[in-house]
Amino acid sequence: MPIISNNHYTKSLTLFLMGALCVLGFAPYYFYLASLLSLIGLCYFWYQSNSAKQAAIDGFIFGLGLFGAGIYWIFISLHDFGNMPSFMAGLATFLLCAFMALFPALTGWLSVRVSNAKSQQLLITIPIFWALADWTRSWIFTGFPWLTIGYSQVPHSPLSGFTPILGIYGISLLSVFIASLIGFWLVKKPSSVIWKRNSIALLVLILVTGNLLKLVEWTSPSNKPISVALLQGNIPQDLKWAPEIADRTLNKYLSLAEASQARLIILPETALPVLSSELPVELTTRLQQLANKNQGAVLAGLIERENGEYFNSMLNIGKANPEAYRKSHLVPFGEFIPLKVAFGWIYRDLLNMPLSDLSRGSLHQQPMDIAGEKVAINICYEDVFGEEIIRQLPAATLLVNASNDAWYGQSNAAYQHMQFSQARALETGRTVLRATNTGATAIIDPHGNVLAHAPHFTESTLNGTAQGYSGSTPYVHWGNWFFLAICWVGLIAICLPNFLASRRKTK
């Protein structure tokens, strides 16, 4: 008797719910076993698939559950703050979820197709194609790697110990491999004692090794800790760019900053709702005086204009000649309009989003010298891309992320975003400082643990200390190349014998 009914509708509902269950592994829940259990269920169905087409359908339904439950907040951004009609916002959110669900669908289709219905090979093809699909989502159409499975294991799972070596996509590979192996047990019920013993030993080896790796100190403290203050202004998104409250916002952040004695004071992304060239002289002067008095710096988010182009920037106002970091990885349809000729009408007729056509900063910006530390800055969405964060390493000793997730209301988006920062801390062996408008403002240690976390949707200053670190993790050295090499070697090991066997049959 099958463990789960083969009734078509029951099966579809089960797959959808398993996809939704997978979201519990991500912040704010951090129940990493839920993600593994849901993946085991999906693998169970894939091992029973009669064809690559059926595996694709199963993967698509699972993906609809995963992304429908995981990125529902896209609707809030489009409807509540972008003023898109509810029907259009709902349709756009559904279409995005359906597009993302194509990746689990493709994983199922390729896994069964390449394995030639050999279940033993599915043990390898399922995790490899899933991990490659997660990686592909990080760059296709400029990238949207939200709900990459590896994040569901950060920072508490034993598998997170591999993050400084394999990166987040390597954790996807290991997570799905474990699910694939257990799914094989449930369906095939192998009778070989040797096979059972070896597979159990392999699982134990992976988990024990992961736990031991979590004890490794890949980097070392570079200097004494410095005092930091992360300012959370809690400016409502629908009022953030209203000209009538601009002065109030400027004064709020000035007051919060001047109340701090921290050496490094960080304001959120676009905290100051004016162009850098239009900053009041008095505000700039007072912030510079504050930075000098505290022997540090004030980093503030705002928009720069240069030669007719606009940049989303973080400005080091504490210097006589302020230096800036300019965001280089922009959000499509949020900060720039891809294919303006085709999609420009969306912004003209349906949306009301300010600053939706910005320019990119350089890909090779250097860390700033602040209070004896080398501070690498990234803005909002950029910390989703580990391979881009390591561009400023190993020179950087501290990582700073400035964000504004107020676009997504009181949803899980800000928590999920903080989990990305936790993964970046693990990958780089660096402390991460997050300053946000409404949350999640936090201080994260190099092991991915949240040391301090400001309450969401409150005006507050998160005070603490930040330890700089020097040295490199293996991931800083090779990025995603080691993970990709493992995947390609695995695929060659499976595909080459299949290819040679098919050639022999044709002769």
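First measure r as the distance between the Cβ atoms of Leu17 and Leu363, then evaluate 1/(1 + (r/R0)^6) with R0 = 56 Å and state the FRET efficiency to the nearest 0.05.
Numbers: r = 42 Å, r/R0 = 0.74.
Given R0 = 56 Å and the Cβ-Cβ separation, E is 0.85.
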Please compute the modelled spin-label separation between Leu451 and Ser192, points set 7 Å along Cα→Cβ, answer in nm with one decimal.
5.0
Using Cα atoms only, what is the angle between the long axis of helix 32-48 and the major principal axis of the chain, expressed in degrees (0 to 90) to the nearest 10?
40
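Can you put Glu382, Glu304 in order of Cβ neighbours within 10 angstrom, beginning with the fewest?
On the way: Glu382 23, Glu304 20.
With the fewest neighbours first, Glu382, Glu304 line up as Glu304, Glu382.
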Distance cut-off 28 Å, percentage of C-alpha pairs in the stretch 220-472 lying past it:
27
Would you kindly state how much longer the chain becomes between Glu459 and Asp247 on full extension, computed as 0.36 nm times their sequence separation minus their alpha carbon distance, in nm to one decimal?
74.7 nm
What is the pair-distance distribution P(r) of the stretch 104-145, computed from all Cα-Cα distances in 5 Å bins starting at 0, with each bin given as a whole percent?
6, 27, 25, 19, 12, 7, 4, 0
Order by neighbour count: His447, His417, His156, fewest other Cβ atoms within 10 Å first, most last.
His156, His447, His417
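For an R0 of 56 angstrom, estimate the FRET efficiency from the Cβ-Cβ distance between Asn7 and Leu239 and round to the nearest 0.05. Before the final figure, lay out each step's value.
On the way: r = 51 Å, r/R0 = 0.91.
Working from the Cβ atoms, E equals 0.65.
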Distance in nm between Val204 and Ala485 label points, each 7 Å along Cα→Cβ, equals 3.0
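Taking only C-alpha pairs under 8 Å that are 6+ residues apart, what is the relative contact order of the stretch 202-323 in percent?
On the way: 164 pairs, mean separation 25.8, N = 122.
Relative contact order, the stretch 202-323: 21 percent.
Which entries in the list Lys252/Lys293; Lys252/Lys327; Lys252/Lys374; Lys214/Lys240 go over 31 Å, if you measure between the two C-alpha atoms of each? Can you show the working numbers first?
On the way: Lys252/Lys293 20 Å; Lys252/Lys327 24 Å; Lys252/Lys374 28 Å; Lys214/Lys240 41 Å.
Too far apart for the 31 Å limit: Lys214/Lys240.
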Would you order Arg360, Arg137 from fewest to most other beta-carbon atoms within 10 Å of each residue's own beta-carbon?
Arg360, Arg137
Over the chain, calculate the relative contact order: mean separation of alpha carbon pairs under 8 Å at least 6 apart, over the residue count, as a percent.
16
Out of (i) 1.06; (ii) 1.01; (iii) 0.96, which label holds the value of Rg/Rh (Cα atoms, Kirkwood Rh) that was computed here?
(ii)
Modelled FRET efficiency - R0 30 Å, Cys495 with Asn211, Cβ distances, 0.05 increments
0.35
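Bear in mind that the values in this text are calculations on the coordinates, not laboratory data. What you see is a predicted model; the values in this text were computed from it and never measured. For neighbour counting, all protein chains shown are included, and Cβ atoms are generated from backbone atoms with ideal geometry for every residue, glycine included.
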